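Colleague: Before I ask anything, let me first share the structure, which is written out below as structure tokens.
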Amino acid sequence: MVKDNEKNKITSNGMEKIVSLCKRRGFVFQGSEIYGGFAGTYDWGHLGVALKRNVTDAWNKAMQNHHNMTFLDSSIFTSGKVWEASGHVSGFSDPLVICNKCKEKFRADHLLESIGVKADEKLSELEINKIFDENRTKIKCPKCDNKDFGKVRATSLLATSNLGMLEETDGQVYLRGETAQGIYINYKNVLDTGFVSIPFGIAQIGKAFRNEISPRQFLFRKREFEQMEMQYFCHPNNAMDIYESWKSERMEYYKKMGINPKKLRFKPHENLVFYAKAACDIEYEFPFGWSELEGIHYRGDYDLTQHQKFSGRDMRFYDEETKEKYIPHIVETSVGVDRTILMILCDAYREDKLGEAERVVLKLPQKLAPVICAVSPLLKNKPELVEYANTKVYAPLKAEFGRVAWDDNGNIGKRYRRQDEIGTPFCIVVDFDTLTDNSVTVRDRDTGEQTRIKIEELKNYIKERIS
Ligand code: GAP
């Protein structure tokens with residue numbers, strides 16, 4: 001019997017336990033840890049890689065369900081003109097403010113937030129300076145308690161590079177700040193392949209880089225992260241309906257994934273950027289509060305118009321049937337892989353009591369669990385058990401599911417605790433009875449219940465439960 005206990009919450013700012021579990025069990029490590037860490041970067045360990053693959057597979061599969069969806073893998077490095085055209089060079093910034101005493105840098109909107117003043121991150125430099133000035137006397141430096149700050153300066157989020165600067169271009173080179181631009185600049189290439197026509201989508205997963213002033217909340221705000229973005233090209237007449245249908249589809253996607261629906265909500269954007277027709281976020285209630293998980297934006301024809309202007313290429317679509325020529329409108333869905341994983345971990349983390357034993361368990365949706373089942377011989381010094389477990393249980397399950405672990409370290413109780421912590425839905429134990437009845441014990445992660453299953457039924461038993 002599982003009893004929830006009151007410690008079932010992740011506590012305070014809430015991330016410590018998740019961060020510690022991720023390191024202890026090999027999901028995520030601090031980037032450049034042996035050199036004291038490199039802020040805003042994290043490295044994925046063995047289980048993190050597996051979880052990440054399951055998350056990106058799920059997203060790809062959801063996108064693939066659209067018959068008119070195409071996929072792209074565009075370069076991280078692009079011509080600097082891409083970012084001038086997109087508006088990132090002039091307008092993609094965070095409001096930076098420096099403490100005059102300890103010289104620490106902060107985001108002005110975060111400092112304002114800490115005294116309960118809302119300041120949208122999309123405000124202009126002038127607007128945020130005004131709000132900051134009105135509240136200056138109330139704001140304390142989180143590091144040294146000083147109240148003396150400099151002026152708020154808009155600081156570019158684009159990460160720069162010197163790659164190829166001398167040979168190919170005399171302009172600035174950037175690491176991409178979002179994957180979306182790679183899609184816009186390839187839209188005509190995709191259309192010209194002749195496989196799709198308006199309306200159609202281009203989906204892409206890839207790395208993005210941002211010079212975040214204060215990367216924070218673990219995987220939530222990183223300097224190097226991965227995005228899953230989809231741009232849907234459509235006629236302006238039905239773009240709003242398409243926007244609404246992507247909104248519901250994306251929300252349903254998270255619910256079907258097994259995320260607690262009470263922790264998901266839509267948040268419409270209060271201040272739309274000038275070109276946007278409509279925009280909202282899907283928010284999740286993280287331990288540090290409701291925050292953006294995914295953005296869904298109806299961007300009008302802004303992006304393609306800008307690239308037409310800067311590149312001189314005709315971005316219009318010619319409709320053979322209606323003889324109409326127009327720049328398609330775009331509906332975008334955009335979510336971070338890292339942020340999705342943080343949500344999944346927060347949603348799955350529990351501390352409960354199983355019988356008399358307290359445990360930490362990740363109740364991960366079975367499809368996402370890095371390991372589907374762990375196979376154990378009851379005793380690792382009994383060759384007959386090890387041989388049976390290896391050849392008759394582990395090898396066939398591994399061939400079928402791939403995500404199967406061999407675990408013979410420590411006693412059975414310890415193995416269960418370890419597998420619970422990484423969210424393995426099933427632990428399979430080969431004991432002395434197995435040698436005569438060809439059955440194994442399958443222990444369920446969530447309930448702790450143990451069931452005897454014939455080995456010939458094992459594959460189907462697991463398949464049914466993860467389907
Ligand atoms: N193309 C639109 C775009 O990039 P965004 O709101 O800046 O919009 C989209 O980013 C999504 O990418 C966010 O909802 C979030 O999931 C993820 N994301 C953005 N910045 C991030 C960061 N610094 N670290 C991790 N994920 C981030």
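The values are calculated or read from the model by the stated rules, or taken from the named source; none is laboratory data. Just so we're clear, the structure is a prediction, and the values are computed from it rather than from any experiment. Counting neighbours? That spans all protein chains shown, and the Cβs are built from the backbone with ideal geometry, glycine included.
Colleague: Can you give me the number of residues within the range 60-89 that are within 20 Å of the chain's Cα centre (by Cα) and acidic (Asp, Glu)?
Modeller: Of the residues in the range 60-89, 1 are within 20 Å of the chain's Cα centre (by Cα) and acidic (Asp, Glu).
Colleague: Something else now. What number of residues within the range 205-246 satisfy the criterion of being closer than 19 Å to His269 by Cβ, within 14 Å of the ligand (Cβ to nearest atom), in contact with a strand residue (DSSP E or B) (Cβ under 6 Å, 6 or more places away or on another chain) and not aliphatic (A, V, I, L, M)?
Modeller: The number of residues fulfilling the criteria is 5.
Colleague: Having 1 or more residues that are under 28 Å from the mean Cα position of the chain (by Cα) is the bar; report the strands (runs of 3 or more DSSP E) wholly within the range 369-467 that clear it.
Modeller: Values: elements: 373-377, 404-406, 426-430, 439-444, 450-454.
Passing ranges, in order: 373-377, 404-406, 426-430, 439-444.
Colleague: Sticking with this one: Kindly list the number of the only condition in (1) at pLDDT 95 or above; (2) in contact with a Gly (Cβ under 7 Å, 6 or more places away or on another chain) that fails for Met240.
Modeller: If we test Met240 against (1) at pLDDT 95 or above; (2) in contact with a Gly (Cβ under 7 Å, 6 or more places away or on another chain), just (2) comes out false.
Colleague: Return the only residue of Gly87, Gly164, Gly91 being on the phi > 0 side of the Ramachandran plot and at pLDDT below 90. Spell out the reasoning first.
Modeller: On the way: Gly87 fails: at pLDDT below 90; Gly91 fails: on the phi > 0 side of the Ramachandran plot.
Going through Gly87, Gly164, Gly91 in turn, just one is on the phi > 0 side of the Ramachandran plot and at pLDDT below 90: Gly164.
Residue by residue, here is whether (1) within 14 Å of the chain's Cα centre (by Cα); (2) part of a strand (DSSP E or B); (3) aliphatic (A, V, I, L, M) holds:
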{"position": "Tyr232", "(1), (2), (3)": "no, yes, no"}
{"position": "Asn238", "(1), (2), (3)": "no, no, no"}
{"position": "Glu249", "(1), (2), (3)": "no, no, no"}
{"position": "Arg265", "(1), (2), (3)": "no, yes, no"}
{"position": "Val273", "(1), (2), (3)": "no, no, yes"}
{"position": "Ala279", "(1), (2), (3)": "no, yes, yes"}
{"position": "Trp290", "(1), (2), (3)": "no, yes, no"}
{"position": "Leu293", "(1), (2), (3)": "yes, yes, yes"}
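Colleague: Determine if the range 49-59 includes at least one residue that is surrounded by 15 or more Cβ atoms within 10 Å (Cβ to Cβ) and at pLDDT below 95.
Modeller: Scanning the range 49-59, I find no residue that is surrounded by 15 or more Cβ atoms within 10 Å (Cβ to Cβ) and at pLDDT below 95, so the answer is no.
Colleague: Report yes if some residue within the range 193-204 is within 12 Å of the ligand (Cβ to nearest atom) and not small (Gly, Ala, Ser); otherwise report no.
Modeller: Filtering the range 193-204 down to residues within 12 Å of the ligand (Cβ to nearest atom) leaves 204.
Narrowing further to those that are not small (Gly, Ala, Ser): 204.
Yes, the range 193-204 contains a residue that is within 12 Å of the ligand (Cβ to nearest atom) and not small (Gly, Ala, Ser).
Colleague: Of Glu224, Glu229, Glu244, which residue is within 19 Å of Gln181 (Cα to Cα) and surrounded by fewer than 21 Cβ atoms within 10 Å (Cβ to Cβ)?
Modeller: Values: Glu229 fails: surrounded by fewer than 21 Cβ atoms within 10 Å (Cβ to Cβ); Glu244 fails: within 19 Å of Gln181 (Cα to Cα).
Answer to the selection: Glu224.
Colleague: Tell me the residue from Asp338, Asp319, Asp303 that is in contact (Cβ under 8 Å) with a residue 24 or more places away in the chain, within 16 Å of the ligand (Cβ to nearest atom) and farther than 23 Å from Cys22 by Cβ, please.
Modeller: Asp303
Colleague: Being touching a residue at least 12 places away in the same chain (Cβ under 8 Å) and more than 16 Å from the ligand (Cβ to nearest atom) is the filter here, so list the residues in the range 177-192 that pass it. Write out each step before concluding.
Modeller: Step one: list which residues in the range 177-192 are touching a residue at least 12 places away in the same chain (Cβ under 8 Å), which gives 177-188, 190-191.
Within the range 177-192, Lys188, Val190, Leu191 meet the criteria.
Colleague: Count, please, the residues in the range 340-393 that happen to be of a type in the set (A, V, I, L, M, F, W, C) and under 30 Å from Ile282 (Cα atoms).
Modeller: Count: 15.
Colleague: Of the conditions (1) crowded, with 17+ Cβ neighbours inside 10 Å; (2) modelled with pLDDT of 95 or more, His46 clears all except one; give me its number.
Modeller: Here His46 clears every test but (1).
Colleague: Do we find a residue being among the aliphatic types (A, V, I, L, M), outside any strand (DSSP E or B) and touching a residue at least 60 places away in the same chain (Cβ under 8 Å) anywhere in the range 100-110? Talk me through it step by step, then tell me what you get.
Modeller: To start, the set of residues in the range 100-110 that are among the aliphatic types (A, V, I, L, M) comprises 108.
Checking the rest, the ones that are also outside any strand (DSSP E or B) come to 108.
Of the ones still in play, those that are also touching a residue at least 60 places away in the same chain (Cβ under 8 Å) are none.
Scanning the range 100-110 turns up no residue that is among the aliphatic types (A, V, I, L, M), outside any strand (DSSP E or B) and touching a residue at least 60 places away in the same chain (Cβ under 8 Å).
Colleague: I need the full set of residues from the range 83-112 which are surrounded by fewer than 21 Cβ atoms within 10 Å (Cβ to Cβ) and β-branched (Val, Ile, Thr), in order please.
Modeller: Val89, Ile98
Colleague: Something else now. If Gly177 satisfies every condition in (1) within 21 Å of Glu84 (Cβ to Cβ); (2) part of a helix (DSSP H, G or I) but one, which is the exception?
Modeller: (2)
Colleague: With the condition kept exactly as written, say whether any residue in the range 265-278 is buried (at least 19 other Cβ atoms within 10 Å of the Cβ) and either free of Cβ contacts under 8 Å to residues at least 60 places away in the same chain or within 14 Å of the ligand (Cβ to nearest atom) (or both). Steps first, answer last, please.
Modeller: Within the range 265-278, the first condition is being buried (at least 19 other Cβ atoms within 10 Å of the Cβ), and the residues that meet it are none.
No, there is no match, as no residue in the range 265-278 is buried (at least 19 other Cβ atoms within 10 Å of the Cβ) and either free of Cβ contacts under 8 Å to residues at least 60 places away in the same chain or within 14 Å of the ligand (Cβ to nearest atom) (or both).
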